[in-house]
Amino acid sequence: MPLTLTSFYAALTALVFLVLSWRVIQYRRASSISLGDTGDKNLLKRMRAQANCAEYSPIALILLMLTELNGAPAIAIHLMGIALVAGRVLHPLGFASTPQKIVLRQLGMLLTLGMIAFSALGLIGHSLL
């Protein structure tokens with residue numbers, strides 16, 4: 001069974017990660033910082049925005065894949081995928097802004113964590129029933 005829906009959202013999430021990575025690389029080059037953050041708060045914010053995506057995306061994509069493999073309706077996969085990608089875009093927009101836009105950061109985490117919780121509970125329910 002091809003995982004076309006999960007593949008689509010994994011690809012979008014990967015593009016978000018690449019943009020966040022590019023922002024770190026670009027700043028490092030412009031500031032001649034090759035290792036660590038040297039106390040540069042702007043670099044640290046960019047690094048943490050990238051790391052946050054790297055921390056949350058894998059488990060979310062694994063859960064999305066398992067949900068699709070277990071035969072969830074396409075609309076459920078799309079809603080979870082949209083929540084994940086939107087969350088992964090909104091969080092760094094709020095976090096990396098100066099000053100931070102806390103509402104975007106919070107909404108991004110709410111969407112991401114909500115997607116993870118919803119898919120985890122759905123998989124548990126599917127396994128038990």
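For the chain, set up a GNM with springs between Cα atoms under 10 Å and report which of 69, 12, 107 has the largest fluctuation.
Looking only at 69, 12, 107, the largest GNM fluctuation is found for 69.
Using the number of other C-beta atoms within 10 angstrom as an exposure proxy, rank 25, 33 with the fewest first. Intermediate results must be reported in sequence, preceding the final value.
On the way: 25 12, 33 15.
Ascending Cβ contact count within 10 Å gives the list 25, 33.
Taking 0.36 nm per intervening residue step and subtracting the Cα-Cα distance, what contour gain separates residue 32 from residue 18 on full extension?
3.0 nm
About the Cα centre of the chain, what is the dipole size in debye to 20, counting +1 per Lys and Arg Cβ and -1 per Asp and Glu Cβ, all else neutral? Walk me through the numbers before you get to the answer.
Working: 10 positive and 4 negative charges, 112 e Å.
With Lys and Arg at +1 and Asp and Glu at -1, about 540 debye.
Fully extended, how many nm does the chain gain between residue 110 and residue 40 (0.36 nm per residue separation, minus their Cα-Cα distance)? Can you show the working numbers first?
Numbers: separation 70, 0.36 × 70 = 25.20 nm, distance 2.81 nm.
Taking residue 110 through residue 40 to full extension adds about 22.4 nm, to one decimal.
If r is the Cβ-Cβ distance from residue 103 to residue 124 and R0 is 30 Å, what FRET efficiency results, to the nearest 0.05?
Working: r = 31 Å, r/R0 = 1.03.
The value I calculate is 0.45.
Would you be so kind as to identify which of 67, 85, 5 lies farthest towards the positive end of the dipole of the chain, taking Lys and Arg as +1 and Asp and Glu as -1 on Cβ and the Cα centre as origin?
Highest projection toward the positive end goes to 85.
Remind me, relative contact order of the chain in percent, using alpha carbon pairs under 8 angstrom and six or more residues apart?
On the way: 121 pairs, mean separation 35.8, N = 129.
In percent, rounded to a whole number, it is 28.
Just to be sure I understand the model, the point goes 7 Å from the Cα along the line to the Cβ. What's the resulting residue 55 to residue 70 distance in nm?
The modelled label-to-label distance comes out at 2.6 nm.
Looking at 20, 57, 38, which one has the Cα that reaches farthest to the positive end of the dipole of the stretch 1-70 (charges on Cβ: Lys, Arg +1; Asp, Glu -1)?
My answer, from the dipole projection, is 38.
Bear in mind that the values in this text are calculations on the coordinates, not laboratory data. It should be emphasised that the depicted structure is a prediction, and the values quoted were computed from it without experimental measurement. Methodologically, a virtual Cβ is constructed for each residue, glycine included, from the backbone with ideal geometry; neighbour enumeration extends over all protein chains shown.
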